[in-house]
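Undergrad: There's a structure below that I have some questions on.
FYI, it's all coordinate maths here, none of it is from the lab. Quick caveat, the model's predicted, so the values are computed rather than measured. Every residue, glycine among them, receives a Cβ derived from its backbone with ideal geometry; neighbour counts consider all protein chains shown.
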Amino acid sequence: MARLRPSSSAWRILRPSFYLRKPLRLALIFAVLLCATFLLWDRQSLVRDHLDSLSKLNEERDELSLEVDDLRKILKDNGIHLNVDVTSGKTGGTTLSSEGKKQEESEKDDSDLVTKNRREKIRGAMLHAWSSYEKYAWGYDELQPQSRRGINQFGGLGATIVDSLDTLYIMGLHEQFTKAKQWVATSLDFNKNYDASVFETTIRVLGGLLSSYDLSEEKVFLEKAQQLADRLLPAWNTDTGIPYNTINLAFGYARNPGWTGGASTLADLGSEQMEFIALSQRTGDPKYRIKVENVIQQIRKNFPQDGLVPMYINPHSGHPTTSRITFGAMGDSFYEYLLKVWILGNKTEAVKQYRQMWEQSMEGMMSLIRKSAPSSFTYIAERSSPNSYTDKMDELACFAPGMLALGADGTTTENARKYLNLAKELARTCYEFYRSTPTKLAGENYLFRQGEDMIVGTPYNILRPETVESLMYLWRKTGDKIYRDWGWDIFQAFETQSRTESGYVGLRDVRSGEKDDMMQSFFLAETMKYLYLLFSPSSVIPLDEWVFNTEAHPIRIIPRDENVSHAPAEEGNIVLPTNAQGRLSQRHALAEIKNGIKARMIRQKRIHGSQ
């Protein structure tokens, strides 16, 4: 079939008369042209606005470069080095670049579903422990889960309540935190005819109150903290200012127990600095800081070349009464606080001596490092005399890997690598303490014998936190998932061996699994908190803003003034430095600059990403 020729009438749409005879067609064409005009104008406006925005952001970037230069100068004066890439918005400190990359990877991993589920199970465990205490022992120091009753081992100060406050807050258990806060406000009374351990009362109760104040800004916590500190202060009234170990809270009578031969123990006298310095910073009263810093000055007078201080010190002469050196019980937290007071003071010149003493002690600790056979587990031996060593390591000494990881910042690259490598080796040993027993829970201490590696010495487990504490620090430092895996193994062992219907108990023997009848307050304050933080983003209690006391109570970092004298002085002649408030304001100003940098960089990325 032949095809039809196209009609010439198709060309009529090009003639004006075609539209004049059809008004609707004319209106349609007009509307199309109008819309096209608006679209073209709008596109040009968007491009023009976009170019204007880029121009303004470039100007802001130039301004930020100047601000960053000023910020670097200010921070450099305070002994801090800031690395800021204004183009990318990345900031960095003094950490090793490879570790920084691992840290970024760890932050990404925090969104992992498995991690979230594990964190929630730990939170549930804390809620079970707290609810059991609340039901059976409210107001008492600690819970006996098997007997389902409370017991007072700290004079009836409600140790579990005060010790748990910040854990409840950090885990978002706000209803429980509010009830605990009300108890503190209405029922916490320090007028007790009770001989309190200055050390335990400071780290658990004073530390818990200060941490809760820093987290919640509720003034009742600071008021109670000051009341307690005032009752503890007479313990420092000795010939040297080195404190006695115990004090009667009602009458202020202080003494040392007979089993120390009248001496003060190293961990006791050297582990109040963080709390009392922080209290002076928050109240403006320097008397607390003066008392505890004088102790360090007294120790410094006789500080040994290797930095290893014997565990017993005469409070009247300031001289050691033994030659025994340990990083376990009665020695441990003295070394921890040398590092952490330096961090608490924002690593400024005013606290430089603490860092110097700590590094000297770490060099001494290297002389105590041994390797087991045949598995080559690294451990910290004890020294009973200058040339006599004991191949024993307490589980308490498992705080050391975390301390070393924390101390890897702020030193030379060589030292940082040395500290971190040793931290990893010691953490492996501490994990093996757990893995090697039938119950998968660690004993109190271990003996090392050639050909046998490690064997359980004292077999009980009282829910201690030191190993999971170190795993948390190493996770944050390296981003290596193995530390989370190890921590999860330990948590599961607690769930299997220690959980009861009415709380958590320790084991009398980690080989047989025989249970005791005590839920230690530090299980809620430390073990649960460190496990939770191990599976939380590093932005939860970031380590550049907070530092944990030895009871795991986070205290906010506030810079120390360089003009503060370290020499012992009479309390009546000491006043706060006149520029202390100015430096605090400067700190807030620096924080605002850093926040501004981050916000503007986000805006830049959004704009460039939309192109």
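Undergrad: Quick check: convex hull over the Cα atoms of the stretch 208-255, volume per residue in Å³, rounded to an integer?
TA: In the stretch 208-255, the Cα hull volume divided by residue count equals 76 Å³.
Undergrad: Of the cross-linked pairs Lys121/Lys418; Lys301/Lys424; Lys219/Lys477; Lys301/Lys352; Lys291/Lys340; Lys392/Lys440, which ones have a Cα-Cα span greater than 24 Å in the structure shown?
TA: In this structure, Lys121/Lys418; Lys301/Lys424; Lys219/Lys477 lie more than 24 Å apart at Cα.
Undergrad: Can you tally the net charge around Lys219? Count Lys and Arg as +1, Asp and Glu as -1, for every other residue whose Cβ sits under 13 Å from the Cβ of Lys219.
TA: Once positives and negatives cancel, what remains is -1.
Undergrad: So if each residue of separation counts as 0.36 nm, and I subtract the Cα-Cα distance between Arg370 and Lys219, what length gain in nm does that give?
TA: Gain in length upon complete extension: 49.5 nm.
Undergrad: Only sites in a loop by DSSP and with at most 16 other Cβ atoms within 10 Å count here; which trypsin sites (Lys or Arg not before Pro) in the stretch 125-179 make the cut?
TA: On the way: sites: Lys135, Arg148, Arg149, Lys179; in loops: Arg148.
In loop regions of the stretch 125-179 (DSSP not H, G, I, E or B), the sparsely surrounded trypsin sites (Lys or Arg not before Pro) are Arg148.
Undergrad: Largest first and to the nearest Å, give the Cα extent of the stretch 285-419 along each principal axis.
TA: Taking the Cα atoms of the stretch 285-419, the three principal extents are 55, 37, 24 Å.
Undergrad: What does the charge add up to near Thr322, with Lys and Arg as +1, Asp and Glu as -1, over the other residues with Cβ less than 15 Å from its Cβ?
TA: That sum, taken over residues with Cβ under 15 Å, equals 0.
Undergrad: How much length is gained if the chain between Gln146 and Asp391 is pulled fully straight, taking 0.36 nm per residue apart and subtracting their Cα-Cα distance, in nm to one decimal?
TA: The Gln146-Asp391 span can extend by a further 84.6 nm.
Undergrad: Dividing the Cα convex hull volume of the stretch 446-559 by residue count, how many Å³ per residue is that? Could you put the intermediate results ahead of the total?
TA: Values: hull volume 16.0 nm³, N = 114.
Considering the Cα atoms of the stretch 446-559, their hull volume per residue is 140 Å³.
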